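**Student:** Take this structure first; my questions come after.
Bear in mind that the values in this text are calculations on the coordinates, not laboratory data. Everything numeric in this text was worked out from a predicted model, so none of it was measured. Every residue, glycine among them, receives a Cβ derived from its backbone with ideal geometry; neighbour counts consider all protein chains shown.
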Amino acid sequence: MEGPPAAVTLHLVTEATADLLDRVDEDVFDNPVDPASLRRFLANPMNLEAWVATEVGNSAARALYRATGGREDSERAVVYTYDLGTGGS
């Protein structure tokens, strides 16, 4: 049964919201989140961009990334970049 697409909520992880990563499923990341590394990452003001990659044929993921504001950079792979905290797109 097809219906409307599921809602997607994006959360910007900051020092104040880092505990969100304590509640993700085991298979979301390749390895467990290391709290010390996460704190260092979040404290570094140079971390203002994020990216995700998917297979060229994964049209569902590509549509999701476009819908959430990602820019496609497909010279060699399909990569979506998110500017975090810069106000840019």
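**Student:** Near the amide H of ARG71, under 5 Å away, which other amide H atoms are found, from residues 5 or more places off or on another chain, if H is placed in the peptide plane?
**Tutor:** THR81
**Student:** Label-point separation (nm) for ALA60 and HIS11, each offset 7 Å from Cα along Cα-to-Cβ?
**Tutor:** 2.3
**Student:** For region 18-83, just the Cα set please: Rg and Dmax, both in angstrom.
**Tutor:** Rg then Dmax for region 18-83, in Å: 14.0, 36.
**Student:** Moving on. Points 7 angstrom from Cα along the Cβ direction at ARG71 and ASP30: gap in nanometres?
**Tutor:** Roughly 2.6 nm, to one decimal.
**Student:** Can you tally the net charge around VAL52? Count Lys and Arg as +1, Asp and Glu as -1, for every other residue whose Cβ sits under 14 Å from the Cβ of VAL52.
**Tutor:** -3
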